[in-house]
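Pasting in a structure now, in structure tokens, and then I'll have a few things to ask.
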Amino acid sequence: MTTIERSDAPAEVAAPAPAPAKSGGFTAAAANYIDERTSISGVVKEFGRKIFPDHWSFMLGEVALYSFVIIILSGTFLTFFFQASMAEVTYNGSWAPLKGMEMSAAMDSALKISFDIRGGLLVRQIHHWAALLFIAAIGIHMLRVYFTGAFRKPRELNWVIGFTLFVLAMAEGFTGYSLPDDLLSGNGLRIIDGLIKGIPFVGTWISFLLFGGEFPGTAIIGRLYTLHILLLPALVVAFIALHLVFVVVHKHTQFAGGGRTQKNVIGYPILPVYAAKAGGFFFLVFGVVALMAAFFTINPIWNYGPYDPSPVSAGTQPDWYIGFADGALRLIPPGWEFVWLDHTWSFNIIVPVLALLVLLGLVAVYPFIEGWVTGDKREHHILDRPRNAPTRTGIGAAGVTFYAGLWAAASSDIIATHFQLSLESVTHAIQAWVILGPFLAYFVAKRVCIGLMKKDREIVLHGYESGRIVRLPGGEYIEVHEQVDDYERWKLVDYEVYEPLMLRPNSQGKITGSARLRVRLSKWFFEDRIAPASRTELEAGHGHGAAAHDEIEGPGHH
Amino acid sequence: MARTSRKANRRHPLATVLLIAIGLVVTGGGYALLSSTTTATADTSATSQETIEEGQKLFAANCATCHGMSLEGTADGPSLIGVGAAAVNFQVGTGRMPMAMQGPQAMQKPPQFTDEQTAALAAYVASISPGPAIPDPSLLQGDGDATNGGELFRINCAMCHNVHGAGGALTEGKFAPELTGVAATHIYEAMLTGPQNMPVFNDDNLTPEDKRDIITYLKYLENNPSPGGVELGSLGPVAEGLFAWIFGLGAIIGLMVWLTAKSN
């Protein structure tokens, strides 16, 4: 393990420069040659001495990064063979039940990749599985950052960058899903077209602009292709670079523990230990994706057939990351569309779209909201355990529940057939879940957090129940409580609690509306709280010694 | 057949007398009808009188409670006049009939009758009033044009049965079943007779050759597992998403925990 001080730059020069070996042979000479012309060793040294703490959940972002590398590699292969054209051709490849069928060149080339190009199907499946994993890893990485409070100052902007990456990744996924021009993705595009056309006044115009005329037209695949392989990846790469620069600048967060402070990071330096591990981990991720691609079919476009606007298959769903949008549409009750002022108002589309935008917007700005409510301007490098921020954890649980409801709604038909329920009752149950579930989840999560905090406090002060029952000479039975060790104790007491803000007049002596709102929010956030055990309490607790027994339990209690 | 007898016990004592009377009328009428309908449906001519009588007995014992002694229908089941041998062969051959319980739709069970008994029931129903016949085996070989069949399937069937025939939900608890493993005869008969909530695809709508092509396509899918590997139920993105999260990400998180645990 290595400790690095956050404040002092000099600490980072300590390591000896890679010695220009006297007889290092070709490698050393080449390294020297390059270094003399680029001064790269400084960068390597600087970067290599970054410290990365070891906790499994800190590697989730890496999974996203590695999936992206896999996507780039496999995608590059696919571009050699894919033809983003909607020109009509007659399929003449190896998949018998499509032979002689008219289809777009895009579909034709996607089928050729699948059946007539060596390794093509494997690479296609690697590309698609890696895409699913990429966005899943981003999502779960975001949840980790959220629930541990890693988005707090100074990392708010990096949260927004990460959020942008999440949205870009969804866009990447959706454009890619549409490229083969098969029936499934064509239906997906049709839904997007419907969403756009549902925008009042301008919807139809935008749709015609996007598709180059009436849906589906002959332009959309080419346009999506440009987005998919040029614009969006460039943006993703740029944002990943920014994201990582910020990670280096801020240094990594860490969980509380012995010796860990707001001023240091304890872990392994990137070079050599971490780099070796990370490099190995890349191949593990690649291995998992390759195994999935080798053994499990994904997006069998040959079953869907070429896009044709008339058929729609049962069980038509988008890839998982667009599921929440599809679900939101499915949950709207019938009859929300009417004509007014000579315009069709599709509230069955406007309402879910707005709901999704609000949800995404809240996710994007959450760090600023919380920062404003706490009024805390300090930097935070020690992570919260989710239980120690009960309101935040409750809000997160509510958000996850809401999202999960939308997500489930996207598979309402599959839930109905597989559990032999009626489609209507599934839809109604999910409607209730989406509306009531978040409140319930908030309440339960917050209570659980507070309960856990009470338990932690109890353990710190009185030790934990060892399960060992001792009979004292007087005939009395006690359960021995064991004290936690110092290392454990750090984890349990090193957190902060905020108290609700007081309503105070500002410098002009006025009480503004926003101040009131802030006080009210602050009260909501921090009214219920459990303070960590203080030093004096701790010392008092220790006075009891190892056999301290505050609770005396009779044998019958177990 | 415990449940049929339970049904029978619920009958009014006079019902038996009535049943016999109706049975006699029906057989008599059936005789008269037979001569005029043999030309209409190919297979009734081939079935002997004993088969029809055997079918009649089976029908009276197992089906008449719901469908009536002379196929006229009751509150518990629709009239079977004109449904033809194809409908009976499909309903009984796939185990849907005799229906076990009222529900959103008659559920499939293991078939309750042997092939001969099923044929007898079909012959009997067809003998009373003609209807779509059991399809000719030449249409069931799966040797048609799979491309045409695939396109017709996507246009006419996939909205209920899913593009890969994996099945799908309809409203109010009804559903279109999975089509893998369904016998070619039953596929043909389902199209011809439109069981329950499935529309009828008569020969003007889908010609016998079209039906043959659809069967060819379905049998092709059945005999050629996905070149991409395990199909995950052919349920599409939902199954893929679940798999990516649970097994893909699950495996990777397992590896992460393992990697970081090693160092401590």
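The values are calculated or read from the model by the stated rules, or taken from the named source; none is laboratory data. Just so we're clear, the structure is a prediction, and the values are computed from it rather than from any experiment. Here Cβ is always computed from backbone atoms with ideal geometry, including for glycine, and neighbour counts include all displayed protein chains. Side chains included, ligands, DNA and RNA excluded: accessible areas come from the protein's heavy atoms. Shrake-Rupley method; radii C 1.70, N 1.55, O 1.52, S 1.80 Å.
Under 5 Å between amide H atoms, partner at least 5 residues away or on a different chain: which partners does residue B:175 have, H built in plane at 1.01 Å?
Amide H neighbours of residue B:175: B:170.
Please work out the Cα center distance from region A:272-308 to region B:227-260, rounded to the nearest Å.
Between the Cα centres of region A:272-308 and region B:227-260 lies a distance of 10 Å.
Sticking with this one: Reachable lysines from residue A:99, Cα under 30 Å, same-chain residues fewer than 8 places away excluded?
A:112, B:211, B:219
If you put +1 on each Lys and Arg Cβ and -1 on each Asp and Glu Cβ, how big is the dipole of region B:135-250 around its Cα centre, in Debye rounded to 20?
340
Rounded to the nearest 5, what % of the DSSP beta bridges within chain A are antiparallel ones?
Taking every DSSP beta bridge within chain A, about 95 percent pair in antiparallel fashion.
Here is a follow-up. Rounded, prolate or oblate: pick one for region B:153-264, where a ≥ b ≥ c are the square roots of the eigenvalues of its C-alpha gyration tensor, a/c under 1.5 means rounded, and failing that, prolate if a/b is larger than b/c, else oblate.
It is prolate, given that a/c is not under 1.5 and a/b is the larger ratio.
State to the nearest 20 debye the size of the charge dipole of region A:453-553 about its Cα centre, where the only charges are +1 on K and R beta carbons and -1 on D and E beta carbons.
The calculation lands at about 1100 debye.
Give me the percent of Cα-Cα pairs in region A:453-553 that sit more than 20 Å apart, rounded to a whole number.
Cα-Cα pairs of region A:453-553 separated by over 20 Å account for 56 percent.
Something else: Which residue, A:333, A:296, A:282, has the largest displacement toward the positive end of the dipole of the protein assembly as shown when charges sit on each Cβ (Lys, Arg +1; Asp, Glu -1)?
Checked the options; the winner is A:282.
Ignore the peptide's own chain and count Cβ atoms of other chains within 10 Å of each Cβ in B:196-204; give me the average, rounded.
That works out to 0 on average.
A further question follows. Got a sec? Charge dipole of the protein assembly as shown, +1 on Cβ for Lys and Arg, -1 for Asp and Glu; which of A:121, A:425, A:450 is way out at the positive end?
A:450
Kindly point out which whole DSSP H helices in chain A project their C-alpha atoms 24 angstrom or further along the helix axis while averaging a Kyte-Doolittle hydropathy of 1.6 or above.
A:60-79, A:232-250, A:275-295, A:347-374
Moving to a separate point now. Report, in debye and to the nearest 20, how large the dipole of chain A comes out about its Cα centre when Lys and Arg carry +1 and Asp and Glu carry -1 on their Cβ.
1180
Positive end of the dipole of region A:88-172, charges at C-beta (+1 Lys, Arg; -1 Asp, Glu), about the Cα centre: which of A:150, A:94, A:135 has its Cα farthest in that direction?
A:150
At 7 Å along the Cα-to-beta-carbon direction for both residue A:486 and residue A:223, put a label point, then send me their distance in nm to one decimal.
6.6
To the nearest whole number, what is the average tally of beta carbon atoms from other chains within 10 Å of the beta carbons of peptide A:316-328?
3
Then there's this: How far is the Cα center of region A:140-202 from the Cα center of region A:397-472, in Å?
If we compute the Cα centre of each part, the gap is 26 Å.
Using amide H atoms built 1.01 Å from N in the peptide plane, name the residues 5+ places from residue A:477, or on other chains, whose amide H lies under 5 Å from its own.
Those qualifying (amide H under 5 Å, at least 5 residues apart or on another chain) are A:472.
What length, rounded to one decimal in nm, is gained on full extension from residue A:365 through to residue A:443, with 0.36 nm per residue of separation minus their alpha-carbon distance?
Additional length available on full extension: 25.8 nm.
In whole Hz, what ³J(HN,Hα) sequence does region A:304-311 give by Karplus (6.51, -1.76, 1.60; θ = phi - 60°), x for Gly and Pro?
5, x, x, 5, 8, x, 7, x
Just order A:408-414, B:175-181 by mean Cβ neighbour count inside 10 Å, highest at the front, would you?
A:408-414, B:175-181
Is region B:85-168 best put as rounded, prolate or oblate by its Cα gyration tensor, with a ≥ b ≥ c the root eigenvalues, rounded for a/c under 1.5, and otherwise prolate when a/b is larger than b/c, oblate when not?
oblate
Per-residue HN-Hα couplings for region B:101-108, Karplus 6.51 cos²θ - 1.76 cosθ + 1.60 at θ = phi - 60°, whole Hz, x for Gly and Pro?
8, 5, x, x, 7, 4, 8, 6
Per DSSP H run of n ≥ 4, the term is -39500 (n - 2.57); total these for chain A, divide by its residue number, and report the mean residue ellipticity at 222 nm rounded to 500 deg cm²/dmol.
Taken over chain A, the calculation gives -18500 deg cm²/dmol.
Need the list of lysines near residue A:277 for cross-linking: C-alpha distance under 27 angstrom, and skip anything on the same chain fewer than eight residues off.
A:45, A:50, A:251, A:263, A:491, B:262
What's the percent breakdown of Cα-Cα distances in the protein assembly as shown across 10 Å bins, shortest bin first?
Spelled out per bin, shortest first, that is 2, 10, 16, 18, 16, 14, 11, 7, 4, 2, 0, 0.
Which net charge results for the neighbourhood of residue A:414, defined as the other residues with beta-carbon distances under 14 angstrom from its beta-carbon, given Lys and Arg at +1 and Asp and Glu at -1?
On the way: positive: A:330; negative: A:326, A:413, B:178, B:240.
Counting the neighbours of residue A:414, the net charge comes to -3.
Related question: How much of the accessible area of chain A, probe 1.4 Å, is carbon plus sulfur, in whole percent?
Solvent-exposed carbon and sulfur of chain A make up 68 percent of the total.
Please give the average number of partner chain Cβ atoms lying within 10 Å of the Cβ of each residue in B:153-164, rounded to a whole number.
If you average over the peptide's residues, the count of other-chain Cβ atoms is 6.
Mind running the shape call on region A:250-395? Use the C-alpha gyration tensor, a ≥ b ≥ c as the square roots of the eigenvalues: rounded below 1.5 for a/c, prolate if a/b tops b/c, oblate otherwise. It would help to have the intermediate numbers written out before the result.
Working: a/c = 3.78, a/b = 1.40, b/c = 2.70.
Here region A:250-395 falls in the oblate category.
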